[in-house]
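Visitor: The structure's right below; bear with me while I get my questions together.
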Amino acid sequence: MQIVIALVFGAAAGGLLHFLQAGRTSRGVALAPILGAFVGGAVWLALTWAGQTTLDPWLWLISLAAPLVVVPLTLVALTRARAAHDDRERVRLGIA
């Protein structure tokens, strides 16, 4: 049941990071919170399957830190990819 903490923290971190990082107009508002919840939950799941228990501090630290690392990197990559795609489309359509 404690996995809910990792899911909620990941979603909250993702929502905060969405608004703190540049390029948010080229992303959907739900992308970062969903990604954060997914990463937090997936890390929690993987660590519990690996034998960690809720008494182990590494389970908590890694589960709560993973969204803070993965989400910003993913948002930067997606923002750059979207900008590059938009530029290619402008050239292809003769707009720019």
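Bear in mind these aren't lab numbers, they're just calculated from the coordinates by the rules spelled out. The shown structure was predicted, so the numbers you read here are calculated from the model rather than taken from an experiment. Virtual Cβ from ideal backbone geometry, glycine too; neighbours counted across all protein chains shown.
Visitor: Which whole-Hz couplings ³J(HN,Hα) result when phi for each residue of the stretch 3-17 is put into the Karplus expression 6.51 cos²θ - 1.76 cosθ + 1.60, θ = phi - 60°, listed in order with x for Gly and Pro?
Guide: Values, residue by residue: 4, 4, 5, 5, 5, 5, 4, x, 5, 5, 5, x, x, 5, 5 Hz.
Visitor: Can you give the extra length, in nm with one decimal, that the chain gains between ALA12 and LEU93 once fully stretched, where that is 0.36 nm per residue apart less the Cα-Cα distance?
Guide: That pair, ALA12 and LEU93, stretches by 25.3 nm at full extension.
Visitor: Helix-only mean residue ellipticity at 222 nm, the chain, DSSP H runs n ≥ 4 weighted -39,500 (n - 2.57), per residue, nearest 500. What is it?
Guide: Estimated from H runs of four or more residues: -27500 deg cm²/dmol.
Visitor: Follow-up question, since we're still on this one. Can you find, among ALA81, PRO33, ALA65, the residue sitting farthest towards the positive end of the charge dipole of the stretch 3-93, where Lys and Arg contribute +1 and Asp and Glu -1 at Cβ?
Guide: ALA81
Visitor: By how many nm would the segment from ILE5 to VAL76 grow when fully extended, if each residue of separation counts as 0.36 nm and the alpha-carbon distance is taken off?
Guide: Going from the current span to full extension adds 23.0 nm.
Visitor: Okay, moving on. Which ³J(HN,Hα) values in Hz, rounded to whole numbers, follow from the phi angles of the stretch 81-96 under the Karplus curve 6.51 cos²θ - 1.76 cosθ + 1.60, where θ = phi - 60° and Gly and Pro get x?
Guide: So the Karplus estimates, Gly and Pro as x, are 5, 5, 5, 5, 5, 4, 5, 4, 5, 4, 5, 4, 8, x, 7, 8 Hz.
Visitor: If Rh is defined by the Kirkwood formula over all Cα pairs and Rg also comes from Cα, what ratio Rg/Rh do you get for the chain?
Guide: Ratio of gyration radius to Kirkwood radius: 1.16.
Visitor: If r is the Cβ-Cβ distance from SER26 to VAL69 and R0 is 22 Å, what FRET efficiency results, to the nearest 0.05?
Guide: So, using R0 = 22 Å, E works out to roughly 0.50.
Visitor: Also: Taking the Cα centre of the chain as origin and charging only Cβ (+1 Lys, Arg; -1 Asp, Glu), how large is the dipole, in debye to the nearest 20?
Guide: 400 debye
Visitor: From the backbone phi of the stretch 65-70, what are the Karplus-calculated ³J(HN,Hα) couplings (6.51 cos²θ - 1.76 cosθ + 1.60, θ = phi - 60°) in whole Hz, Gly and Pro given as x?
Guide: Using θ = phi - 60°, the values come out as 8, 4, x, 5, 9, 6 Hz.
Visitor: Students often check this: by mean Cβ neighbours within 10 Å, which of 76-89, 13-26, 59-72, 42-55 ranks highest, and how do the rest follow?
Guide: Output ranking for 76-89, 13-26, 59-72, 42-55: 59-72, 13-26, 42-55, 76-89.
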